[in-house]
Each structure stands twice: as C-alpha cells, then as structure tokens.
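Here is the structure we will look at.
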Amino acid sequence: MKIIVLVKEVPDTYGDRKLSLETGLADRAASESVLDEIGERALEVALSYADKNADTHVTVLSMAPESALATVRKGLAMGAADAVQVVDEALIGADLTLTAEVLAAAVRRAGFDLVIAGNSSTDGSGGVIPAMIAELLGVPGATGLSAVEITGDAVSGTRPVDGGTQQVSVSLPAVISITEALPDARFPNFKGIMAAKKKPFEQVSLADLDVSADPSAAPRAIMVTVAEKPPRAAGVKITDEGDAGTKLAEFLVQNRLV
C-alpha cells in the first residue's frame, strides 16, 4: 500500500506568532519553525500501520520553501520511506484553493492508495484542504476522524458530531484527515535520524506538476486589508465593599451572561 502523509512547517505554537502588516502573511521569522503536530500525528497513523504491514510505503509530502528542508526531513527520521517537497517562489502566500490544487497534483504524480492529513493546521487553520484534495483527486474523503482503522482495501473510523459519533467507512483510494484525539507521534531516534540522511528526498516545482500559479490566469483570492490584532482591553475590576455580589450579578446581567 502507498500512503502519502501531508505535513507542514509552521511557526512554533508555543512561540510568538506575528502577522506582517506589509504582506498580510505570517511572519515566519518571528519564531522557530517546527513540523505541525497534527501532521506528526497523521504520520504516526501511517507508520503504525506500516509497522504491522511490511508491504506499506509511506511518503511525506509538503508544500514549503527551500528553508523547510530540515523540518520536512524530520518525517523521514520518524520512519517515512521518502519525502517530496514542492518548492516554488510563485507559491509564496498561496491561498487554500491553490494549495489544494498543488498538493493534489503532487499526490497524483506520486501515486497513492491513501492520503492522510491533519484536520487543520495550527497556522492558517483553514480546515478544508483534505476535503478539497479528495474532490480534486475524485476519490472518497473522510474528515475529522478521532479513530482510524486501515485495511487492505478500505479505511473506517469514528467522527465526533453534536450529541454523538458517526461511524464512517470509505474504500481505497481515499483521503482522510485526523484530529488530535489520535495518539502522539513517536520521537525520532538516533538510528532514524542517521537513516533519514540517505532516504530519497525529491523537490519539485510547479512546472513539474503542470500547475499555474499566475493570478491573472486563474484568479483565486484577493486580500482586501490587513491589520494588527488590537491589544486586549482591561477587564472590569470589582472591589468588595460589601456589595461585590450585587455588582457581579449586575455585570453578568448587563453582558447577557446569565
């Protein structure tokens, strides 16, 4: 089975994340860049299956700048067999539509039985890429799974919904996305880190994928305005002078909190 796992380099969730007011894009120099945790969990799903099925080939795929090579290579150190990185200056600031188109083209080029992704990245938080890729590839999609079971010809899982859960199943080839309910990813060991240096790592461009990023040829999205998030205003402070309970109740009523 050929499993492709989508991974992404993102600003460290625990670091300072800022928006560039000049470009409207995330200022990726403001904090350390790391492999998105949800992508690592998606890779763990693939590797756990591969551990039990020797004929499984796991590829990590990312659309990222040249500087992300070391970050993407972590997927190889964790256990993936090879990696594909889409690198092209024309992809700077790519919106969700273009991103999905490029990733779908890269998946199609590589060949696949199953594509696994996280349900939402921690930087853009779009949450629609897996469904868009499934549509572009013309295969079934099962998104937001909190439990996954892979067999030789299908994938089944559990999806949380309001008031309960759904049991879903799709035949292969397919695209699925998982949530943080899935297990934490394994840590790369020394042997894996050394082996990663010798594993195949291919970088491809838009020309290789036959995808155009020219906005005049295929308009996708236009940024209208960008502004820095306003500082948080000070909250209401209630001093207890014997009537704190009354003041608190009045505050809750005025703000429709009760």
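The values are calculated or read from the model by the stated rules, or taken from the named source; none is laboratory data. Predicted model only: the values in this text are computed from it and were never measured. Neighbour counts run over all protein chains shown; Cβ positions are idealised from the backbone, glycine included.
A few points about this structure:
- Annotation note: of Ala244, Ala227, Ala234, the sole residue that is over 30 Å from Ser20 (Cβ atoms) and among the small types (Gly, Ala, Ser) is Ala244.
- All positions within the stretch 136-180 that are within 28 Å of Arg109 (Cβ to Cβ), of a type outside the set (Gly, Ala, Ser), part of a loop (DSSP other than H, G, I, E, B) and free of Cβ contacts under 8 Å to residues at least 40 places away in the same chain: Val139, Pro140, Thr151, Asp153
- Among residues of the stretch 153-163 being at pLDDT 90 or above and surrounded by fewer than 20 Cβ atoms within 10 Å (Cβ to Cβ), the one that is farthest from Asp36 (Cα to Cα) is Asp153.
- The stretch 40-65, residues that are closer than 19 Å to Val204 by Cβ, hydroxyl-bearing (Ser, Thr, Tyr) and in a loop (DSSP other than H, G, I, E, B): none
- Residues located in the stretch 151-174, provided they are touching a Leu at 6+ places or on another chain (Cβ under 7 Å) and among the aliphatic types (A, V, I, L, M): Ala154, Val155, Leu172, Ala174
- Output for the stretch 179-202, where each listed residue is closer than 25 Å to Met132 by Cα and at pLDDT 95 or above: Glu202
- Considering residues of the stretch 66-103 that are assigned to a loop (DSSP other than H, G, I, E, B) and at pLDDT below 90 only, the residue surrounded by the most Cβ atoms within 10 Å (Cβ to Cβ): Ala94
Results for (1) surrounded by 16 or more Cβ atoms within 10 Å (Cβ to Cβ); (2) in contact with a strand residue (DSSP E or B) (Cβ under 9 Å, 6 or more places away or on another chain); (3) farther than 18 Å from Pro173 by Cβ, shown as yes or no for each residue.
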residue: Arg41; (1), (2), (3): yes, yes, yes
residue: Ala50; (1), (2), (3): yes, yes, no
residue: Ala54; (1), (2), (3): no, no, yes
residue: His57; (1), (2), (3): yes, yes, no
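Condition check ((1) part of a loop (DSSP other than H, G, I, E, B); (2) among the hydrophobic types (A, V, I, L, M, F, W, C); (3) modelled with pLDDT of 80 or more; (4) exposed (fewer than 11 other Cβ atoms within 10 Å of the Cβ)) across all residues:
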| site | (1), (2), (3), (4) |
| --- | --- |
| Met223 | yes, yes, no, yes |
| Val226 | yes, yes, no, no |
| Gly245 | no, no, yes, yes |
| Leu248 | no, yes, yes, no |
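- Residue within the stretch 10-24 that is modelled with pLDDT under 95, buried (at least 23 other Cβ atoms within 10 Å of the Cβ) and either of a type in the set (Val, Ile, Thr) or out of contact with any Pro (no Cβ under 8 Å at 6 or more places or on another chain) (or both) present: yes
- Tallying residues that are surrounded by fewer than 20 Cβ atoms within 10 Å (Cβ to Cβ) and in a loop (DSSP other than H, G, I, E, B) within the stretch 25-39 yields 6.
- In the stretch 228-248, the residues that are hydrophobic (A, V, I, L, M, F, W, C) reach residues that are not in a loop (DSSP other than H, G, I, E, B) with C-beta atoms within less than 7 angstrom, at least six apart or across chains, in these pairs: Val236/Phe251; Ile238/Ala244; Ile238/Lys247; Ile238/Leu248.
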